[in-house]
Amino acid sequence: MPTARTGVRRQESGVRSLALSPCIGRPACALLVLLAAVFASSAVTATASDSAQSLDETVRGIEARYRSVRTLRVAFTQTYQWGGSTRVESGTAYFARGGLMRWDYTEPQSKLVVSDGKRLWLYIPEAKQVTRSTMKTNEDARVPFPLLVSHFDLHRIFSKIEWAGNALKADPGNRVLRGIPKRGYQEEYSEVLMEVTPSLDIRRLVVFYPDRSVMEFKFDDIKENVALASRLFTFAPPAGTEVIDQ
């Protein structure tokens with residue numbers, strides 16, 4: 001049977017528990033999930049009124065698009081940089097309404113993150129250990145992502161949304177936006193950059209933190225409104241697994 005212990009705050013080796021706790025569990029956390037984009041080339045030459053109109057139309061279009069999404073399946077690459085170190089992980093992620101999510105990591109090692117909307121499980125088979133926490137209190141960077149298939153309102157999240165120009169080396173035809181945190185959140189993150197395709201698929205999310213660390217999520221093979229089995233969003237610790245409650 002699984003063994004359990006409580007009151008232990010653990011940080012998985014190589015994966016930062018990002019300082020996002022003030023917004024975890026709030027609708028505003030959707031800010032880390034989906035933003036919108038710029039006309040990278042035309043933004044430079046457009047007039048102020050044209051730029052403002054294009055920006056507003058783009059934001060409204062993306063918000064409307066993702067409000068119609070019920071489920072998502074994506075291939076992801078997660079990169080964390082801090083100081084001179086870089087860690088890259090990849091796998092497949094699944095999201096559904098109700099705060100449901102599943103991250104199946106396959107590289108460089110097997111790892112699983114599952115949420116049923118109330119609890120979050122982080123399971124590392126090699127260590128025979130699972131960390132269990134609530135969605136409201138967890139500081140994990142992945143927690144806001146299920147909100148992308150729920151309510152999505154960029155202006156409730158950021159104090160300012162602007163064209164980001166060449167802040168990211170985006171693929172040809174893709175767009176980039178910058179989101180500036182609202183007052184009270186500047187100590188949690190500095191800015192968020194988002195790269196989206198002309199069809200409004202989110203390809204990349206980059207979060208910059210005050211300690212100069214950067215977390216990037218890149219998405220490929222995005223499938224919307226696919227049938228997802230309910231078992232994907234449940235987890236039972238295997239026999240012999242140590243359970244750590246946070």
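The values are calculated or read from the model by the stated rules, or taken from the named source; none is laboratory data. Here the structure is a predicted model, which is why all the values come from computation and not from measurement. FYI the Cβ positions are ideal-geometry reconstructions off the backbone, even for glycines, and counts take in every protein chain you see.
Residues checked against (1) polar (S, T, N, Q); (2) closer than 20 Å to residue 56 by Cβ; (3) under 16 Å from the mean Cα position of the chain (by Cα):
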position: 178; (1), (2), (3): no, yes, yes
position: 189; (1), (2), (3): no, no, yes
position: 218; (1), (2), (3): no, no, yes
position: 225; (1), (2), (3): yes, no, no
position: 232; (1), (2), (3): no, no, no
position: 235; (1), (2), (3): no, no, no
position: 240; (1), (2), (3): no, no, no
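Enumerate the strands (runs of 3 or more DSSP E) found wholly within the stretch 127-246, keeping only those where 1 or more residues are at pLDDT below 85 and more than 23 Å from residue 95 (Cα to Cα).
Filter on the stretch 127-246 gives 158-163, 175-181.
Count, please, the residues in the stretch 55-80 that happen to be in a strand (DSSP E or B) and either at pLDDT below 80 or not aliphatic (A, V, I, L, M) (or both).
Going through the stretch 55-80 one residue at a time, the tally reaches 7.
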